[in-house]
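Notes to accompany the following structure.
The values are calculated or read from the model by the stated rules, or taken from the named source; none is laboratory data. Keep in mind that what you see is a predicted model, and the values were worked out from it rather than measured. When we count neighbours, we look across all protein chains shown, and the Cβ atoms used for this are built from the backbone with ideal geometry, even at glycine.
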Amino acid sequence: MEEEIDNMSPQQYVARKNLEEAMKKAQAEDLENLAMAVALEARGEKEEGMFAVARSIINRKRMIDDEEVLPSTFMPGSTNENPTFMDLLSAKNQYSVVDEDTKEFVQQKSPVTDKDLELARSMIIFAQSDDSAQLIAEAFKIDPKILKATGFRTKEADYDASQDVDTFSVGNHQFNLAGVEDAEE
């Protein structure tokens, strides 16, 4: 790496640094989108609900990134092999908190608070690591299937037979293992 930098012109070095900064900013914005989605989806369910929602969304992205499933498994019709969280959230008929046409968050009856977002960010941190996710699932006494969960819907959502794979509930959400290779139908 150091040798590579030594061989760069000043313009190349500045361009590389600008690209690195832009990538960091894009990743931070994407995590903030995930935090907003988690807060909107599960803020009434405290830590347990936010953790479970965050973990299932993170699992979808990880499965696509690791090429365990095709992008179209969770983003109908998509061939995007490197989706952002917003790509997953705004995919057709996937998450009700994001408008799939505008990729904007849907207005709610009450606004998300800073406290909601801070809790969502904390639960995302725990949900990103398999080890910490397992500890949190045990601490909250959440079904261990949450470690592999890939989807959820509220109990009021329209029925979708494709989501009837190893289902279990956390708060007001029914989670599933749709798309997981060793899940039981």
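Couple of notes before you dig in:
- Listed by first and then second residue, the pairs linking a residue in the range 54-68 that is over 14 Å from Asp30 (Cβ atoms) to a residue that is among the β-branched types (Val, Ile, Thr), with Cβ atoms under 7 Å apart and 6 or more places separating them unless they lie on different chains, are Arg55/Ile146; Ser56/Thr150; Asn59/Thr150; Met63/Val69; Met63/Thr150.
- The residue of the range 137-151 that is farthest from Val53 (Cα to Cα), among those that are surrounded by fewer than 22 Cβ atoms within 10 Å (Cβ to Cβ) and in contact (Cβ under 8 Å) with a residue 60 or more places away in the chain, is Phe140.
- The set of residues in the range 145-185 that are of a type in the set (A, V, I, L, M, F, W, C) and over 18 Å from the mean Cα position of the chain (by Cα) comprises Ala157, Ala161, Val165, Phe168, Ala183.
Every residue, every condition in (1) within 20 Å of Glu45 (Cα to Cα); (2) at pLDDT below 95; (3) aliphatic (A, V, I, L, M), yes or no:
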residue: Thr79; (1), (2), (3): no, yes, no
residue: Ala91; (1), (2), (3): no, yes, yes
residue: Leu119; (1), (2), (3): yes, no, yes
residue: Ile124; (1), (2), (3): yes, no, yes
residue: Ala161; (1), (2), (3): no, yes, yes
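- Residue list for the range 136-157, filter: under 19 Å from Leu40 (Cα atoms) and out of contact with any helix residue (DSSP H, G or I) (no Cβ under 7 Å at 6 or more places or on another chain): Thr154, Lys155, Glu156, Ala157
- Single unsatisfied condition, Phe152 versus (1) within 16 Å of Asn93 (Cα to Cα); (2) part of a loop (DSSP other than H, G, I, E, B): (2)
- Scanning the range 59-85 for residues being hydrophobic (A, V, I, L, M, F, W, C) and crowded, with 23+ Cβ neighbours inside 10 Å gives a total of 3.
- Exactly one residue out of Glu67, Glu104, Glu48, Glu100 is out of contact with any helix residue (DSSP H, G or I) (no Cβ under 6 Å at 6 or more places or on another chain), of a type in the set (Asp, Glu) and closer than 14 Å to Met36 by Cα: that is Glu104.
- Within the range 163-181, the set of residues being more than 22 Å from Gly44 (Cα to Cα) and touching a helix residue (DSSP H, G or I) at 6+ places or on another chain (Cβ under 9 Å) comprises Asp166, Leu177, Ala178, Gly179, Val180.
- Ala161 vs. criteria touching a Ser or Thr at 6+ places or on another chain (Cβ under 6 Å), under 23 Å from Tyr95 (Cα atoms) and not aromatic (Phe, Trp, Tyr): no
- Search result, residues across the range 12-58 that are of a type outside the set (A, V, I, L, M, F, W, C) and either closer than 16 Å to Leu119 by Cα or surrounded by 21 or more Cβ atoms within 10 Å (Cβ to Cβ) (or both): Glu32, Asn33, Glu41, Arg43, Gly44, Glu45, Lys46, Glu47, Glu48, Gly49, Arg55, Ser56
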